[in-house]
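First the structure, in the form of structure tokens, and then the observations on it.
Each reported figure results from applying straightforward, stated rules to the coordinates on display, with no laboratory input. Please read these numbers as outputs of a predicted model, since none were measured by experiment. Cβ coordinates were reconstructed from backbone atoms using ideal geometry, including for glycine residues, and neighbour counts include every protein chain displayed.
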Amino acid sequence: MQKTLSLLGAVLVTGLLATGCAGPERKLGRGFSNAYEIVRMGEMRRTVEQSALFYPNERYATGIVQGFNRTLARTGIGIYEIATFPIPSYDPVATKHFKPYPVYPDSYKPHLSASSLFATDTSIGFSGGDVAPWFPSSRFHIFDN
């Protein structure tokens, strides 16, 4: 009887882990992306850019303060989503104030990195993508279509 219950428990756990994992996977990935915001500083760059465009008298001081606040808030949302990823609901949190995934300044739209992982035609010498995406304001692309 005990072997049957342990076998049934193993089958149930395997079934639970093997099916229906799309929600937790998405929530965990979104959580890691948002928690990495403190290093990436996309909210900071976007807020400084937007405040310089729309509020020219306030410019950088207001943008830096708002950007820092938004960076900390997005990082907190990411930590919350990482900590609660196995618990439903798997929908994004605080979508009224933040987009579900990290943002970039309007002057920069990220592309895939230029590496053999993403470019299948590197053996003949042609590939595309960002050359140095880890540097701020890197906007040079090999083949920008």
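Quick notes on this structure:
- Cα-centre dipole for the stretch 2-107 with unit charges at Cβ (Lys and Arg positive, Asp and Glu negative), debye to 20: 120
- Calculated FRET value between S107 and E58, using beta carbons and R₀ = 25 Å, to 0.05: 0.85
- Rg/Rh (Cα only; Kirkwood hydrodynamic radius) as it applies to the stretch 2-107: 1.25
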